[in-house]
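Read through the structure below, which is laid out as structure tokens, and then see the notes.
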Amino acid sequence: VEPPPRITARSRAAWVAFAEAQGEKAYRGRQVFQWVVGRGVRDPALMTDLPRGFRESVAAAHDSTAPLARWSSDSASGTEKLLMPLSGGDAVEAVLILEPTRTTACLSSQAGCPVACRFCASGLLGLRRNLDAGEILDQFMELRQRAAGMGRRVSHIVMMGMGEPLLNYPAVVQALGAIHDPEGGGIGARHLTISTVGLEKGVERLLQDRLPYTLAFSLHAPTDELRRSLIPFEGALDIAGLVGAARRYLEVKGREVTFEYVLLHEVNDRPEHARALVARLRGVRATVNLIPYNENPGLPFGRPPPADIDAFAASLRAGGLKVTVRKRKGHRILAACGQLRLQSLPDGEAAVQPPLAGLP
Ligand code: SF4
């Protein structure tokens, strides 16, 4: 017997259809959506403005338990990491990043990741499975509740946790739709970012579906050769493809994309890399976001010293590029960018240990 779907797994339209199938008016379905996604109430018994019979049908057809959240905090840098077990024994991580002017939720779209970037802990195991929309929304709701407990509202969402979001397009788009929906999470589209290595079909689909989200491309190298050695994934666009997609995004949406560039010491952080990057991106309207690498136990890459980071950024700016440098946050609890991994739960259950053999 299939377990019932999680109560977070239905879109607003699917709630309307559910209500109608139960002989209720469409707006009853919307009310459930508002309770669950808008107010974070999963228990149908608490949805007091619904008829009792309908509440009972909702309860009978759904799993309305909250996920078993485990937290680690790094209060020095303002980071809270969520470890959320999934059915089937895996677990994913998500991170709340507290800054003076914004509160960002970094969500995962897959358990593990098939892209296997050489420097990333999430890719070590390969793909375990796609998350469904409810499991992505569960992360958002847990982080939102955590933020509320600290007197904060989640203002930004980045799909930058574990997984390549465009390889799980329907679930990601459904979850972001619910987070964006004024009756759901109510977060503006410009504050919702999809970060991708750049998959031709996925980017095309985003354009065709006219989705208003912000796009970030993982670039990480100024040449295709170096990029392929860091991101050995067949389906990723090459640099010319990314630049073309960035131009199209600007044309169609009027929005600039961000190029993410993880700075790996002595791999892609040398002056010649900066010069090559300036030459490659000259004339492209976009921002380059430099992410000084956060070291991972077991991975052979280092973080550049601060002077090298500054020099790299200065040289891009001198070449006319717009540059931001990511501040270091959460690395003490392995919650920083590229450090999320499937790991053992604190009590040792459902342990999924990443194999460290066979790495570069
Ligand atoms: S950096 Fe992103 S795309 Fe690359 S392996 Fe890690 S999670 Fe996957």
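The values are calculated or read from the model by the stated rules, or taken from the named source; none is laboratory data. Source: prediction; values computed, not measured. Here the Cβ is made from the backbone with ideal geometry for all residues, glycine too, and neighbour counts use every protein chain on show. Surface accessibility is based on the protein's heavy atoms, side chains included, excluding ligands, DNA and RNA. Shrake-Rupley method; radii C 1.70, N 1.55, O 1.52, S 1.80 Å.
Here are the numbers:
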item: Solvent exposure of the chain as accessible area per residue, Å², 1.4 Å probe; result: 43
item: Segment 52-143 shape via C-alpha gyration tensor axes, a/c threshold 1.5; result: oblate
item: Reachable aspartates and glutamates, given that their alpha-carbon falls under 16 Å from the alpha-carbon of LYS253 and they are not under 8 places away in the same chain; result: GLU204, ASP209
item: Segments 9-20, 132-143 sorted - mean Cβ within 10 Å per residue, highest first; result: 132-143, 9-20
item: At 1.306 mPa s and 10 °C, Stokes D of segment 215-339 from Kirkwood alpha-carbon radius, µm² per second; result: 106
item: 3J(HN,Hα) from dihedral phi, segment 319-329, Karplus parametrisation 6.51/-1.76/1.60, rounded to Hz, x for glycine, proline; result: x, x, 8, 7, 9, 10, 10, 5, 6, 7, 9
item: Segment 259-333: GluC sites (Glu not before Pro) in DSSP loop, at most 13 other beta carbons within 10 Å; result: GLU266
item: For ASN289, distant residues with modelled amide H under 5 Å away; result: PHE259, GLU260, TYR261, THR324
item: Dipole magnitude (debye, nearest 20) for the chain, charges at Cβ of Lys, Arg, Asp, Glu; result: 1020
item: Accessible surface of the chain [probe 1.4 Å, protein heavy atoms]: carbon and sulfur percent; result: 51
item: Efficiency of FRET between GLN208 and ARG228 - r from beta-carbon atoms, R0 22 angstrom, step 0.05; result: 0.20
item: GluC sites (Glu not before Pro) lying in DSSP loop within segment 189-248, provided at most 14 other Cβ fall within 10 Å; result: GLU234
item: Debye equation applied to the C-alpha atoms of segment 1-121, log10 I(q)/I(0) at 0.10, 0.13, 0.17, 0.23 Å⁻¹; result: -0.44, -0.69, -0.97, -1.26
item: Karplus (6.51, -1.76, 1.60) ³J(HN,Hα), θ = phi - 60°, over segment 125-134, in Hz, Gly and Pro reported as x; result: 9, x, 7, 8, 6, 6, 7, 8, 4, x
item: Around ARG303: net Lys/Arg minus Asp/Glu count, Cβ-Cβ under 9 Å; result: 0
item: Of PRO232, PRO271, LEU250, farthest towards positive along the dipole that unit charges on Lys, Arg, Asp, Glu beta carbons give segment 219-293; result: LEU250
item: ARG129 long-range amide H proximity, modeled H, under 5 Å; result: ALA111
item: Computed [θ] at 222 nm, deg cm²/dmol, the chain (DSSP H ≥ 4; -39,500 (n - 2.57); rounded to nearest 500); result: -9500 deg cm²/dmol
item: Within straight-line cross-link reach of LYS329, lysines at Cα separation under 30 Å, skipping those fewer than 8 residues along the same chain; result: LYS81
item: Amide proton proximity set for VAL41, modelled H, under 5 Å, gap of 5+; result: VAL36
item: In order through segment 258-270: 3J(HN,Hα) via Karplus (6.51 cos²θ - 1.76 cosθ + 1.60), integer Hz, x for Gly, Pro; result: 10, 9, 7, 9, 7, 8, 10, 4, 6, 9, 9, 10, 7
item: Percent of Cα-Cα distances greater than 34 Å, calculated over the chain; result: 27
